[in-house]
1. Are any residues in region 55-74 in contact with a helix residue (DSSP H, G or I) (Cβ under 6 Å, 6 or more places away or on another chain) and open to solvent by less than 20 Å² (accessible area, probe 1.4 Å), and if so, which ones?
2. Any residue at all in region 105-114 that is under 28 Å from LEU41 (Cα atoms) and open to solvent by less than 30 Å² (accessible area, probe 1.4 Å)?
3. Would you please list the contacts, defined by Cβ atoms under 8 Å and residues six or more apart or on different chains, that run from a residue in region 26-52 that is without any contact (Cβ under 8 Å) to a residue 40 or more places away in the chain to a residue that is open to solvent by 70 Å² or more (accessible area, probe 1.4 Å) and not in a loop (DSSP other than H, G, I, E, B)?
4. For a quick check of your reading of the model, give me the residue pairs whose first member lies in region 104-119 and is within 11 Å of THR28 (Cα to Cα) and at pLDDT 80 or above, whose second is of a type in the set (Asp, Glu) and open to solvent by less than 50 Å² (accessible area, probe 1.4 Å), with beta-carbon atoms closer than 7 Å and at least 6 apart or on different chains.
5. List pairs: first in region 134-163 and farther than 25 Å from ALA67 by Cβ, second open to solvent by 80 Å² or more (accessible area, probe 1.4 Å) and at pLDDT below 75, Cβ under 9 Å, 6+ apart or cross-chain?
6. So ASP92 passes all but one of these: (1) of a type outside the set (Val, Ile, Thr); (2) in contact with a Lys or Arg (Cβ under 9 Å, 6 or more places away or on another chain); (3) surrounded by 13 or more Cβ atoms within 10 Å (Cβ to Cβ). Which condition number does it fail?
Amino acid sequence: MSKKKNKEAIKVYMPQMIPAALLREHDTNSNKQSKHAFAELRKNIREKGFDENLIVRPVEDGYVIVAGNHRYRGGRAEGMEEFPCVIRDDWDQVEAEIQSVRRNYVRGAIDKDAFTAQVNKLVKETGIFVDDLMERFGFEDPDKFAEYYKEEKKKEERVAQATVSAPAVKMIDDLGLVLSAIYEKHGDTAP
C-alpha cells in the first residue's frame, strides 16, 4: 500500500548550453576567491571537466550569472566557449540578488565588503528592510548576518556605546567629573 503524498513535486530545471558571448558576470557578487583557490578551480576544470551548471537570469543582451561566476571565469580561462546553464526566467533582479547571496552564504565564502555593498544596494533600490533581507538570504542567526554585514556591526557598536551606563549625576560637580572622563577618553572626538 503506497502513501499518498501531499507535497507538490519539486520542479527540476534542466540546463541548456549557452555561448559564453551571451553570458556576463554578476556585478555585485559577494563571493570572493583567492588566487590560489582560482588556480585550483582551473586545474580541476582542466583535469576533471566542467560538471556544475551555471544559474543565469535573462537580461536584455543575454544572461547574467547568478551562481557560478568563478566557474564561468575558470572555464573561460581554460578556453570554454559555451556553458551548461539553468535559466531562471522566473526571477526578477531582486530575486536574483537574493539568490546570489543566499547561494554564496550556504557555500560559506562571503566577502564582507562586497556583501555589505550588495545588501545596501538592495535596501536602497528596493526599500526592503535589512531584517527581511537577512531572512530571505537564509540567515538563521542575526549575529552571523552581522559578521558579514559591516553596517550591522557598526550599528551594534553605536548602540553599545550609547547604552554604556554613566554614573548617576547627583550634582554639578559629578557632571564635571563625567564630562572630564569623556574628554579624557575621546578627546575632541567625543560622540
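The values are calculated or read from the model by the stated rules, or taken from the named source; none is laboratory data. Every value quoted in this text rests on a predicted model; they were computed, and no experiment measured them. Cβ coordinates were reconstructed from backbone atoms using ideal geometry, including for glycine residues, and neighbour counts include every protein chain displayed. Ligands, DNA and RNA are excluded from the accessible area calculation, which covers all protein heavy atoms including side chains. Shrake-Rupley method; radii C 1.70, N 1.55, O 1.52, S 1.80 Å.
1. Selection gives GLY62, ILE65, VAL66, ALA67, GLY74.
2. Narrowing region 105-114 to residues under 28 Å from LEU41 (Cα atoms): 105-114.
Narrowing further to those that are open to solvent by less than 30 Å² (accessible area, probe 1.4 Å): 110, 114.
The answer is yes, given that some residue of region 105-114 is under 28 Å from LEU41 (Cα atoms) and open to solvent by less than 30 Å² (accessible area, probe 1.4 Å).
3. Between residues of region 26-52 that are without any contact (Cβ under 8 Å) to a residue 40 or more places away in the chain and residues that are open to solvent by 70 Å² or more (accessible area, probe 1.4 Å) and not in a loop (DSSP other than H, G, I, E, B), the close pairs are PHE38/ARG73.
4. Pairs that qualify, where the first residue is within 11 Å of THR28 (Cα to Cα) and at pLDDT 80 or above and the partner is of a type in the set (Asp, Glu) and open to solvent by less than 50 Å² (accessible area, probe 1.4 Å), are GLN118/GLU97.
5. Pairs that qualify, where the first residue is farther than 25 Å from ALA67 by Cβ and the partner is open to solvent by 80 Å² or more (accessible area, probe 1.4 Å) and at pLDDT below 75, are ARG158/PRO191; GLN161/PRO191; ALA162/PRO191.
6. The single condition ASP92 does not satisfy is (3).
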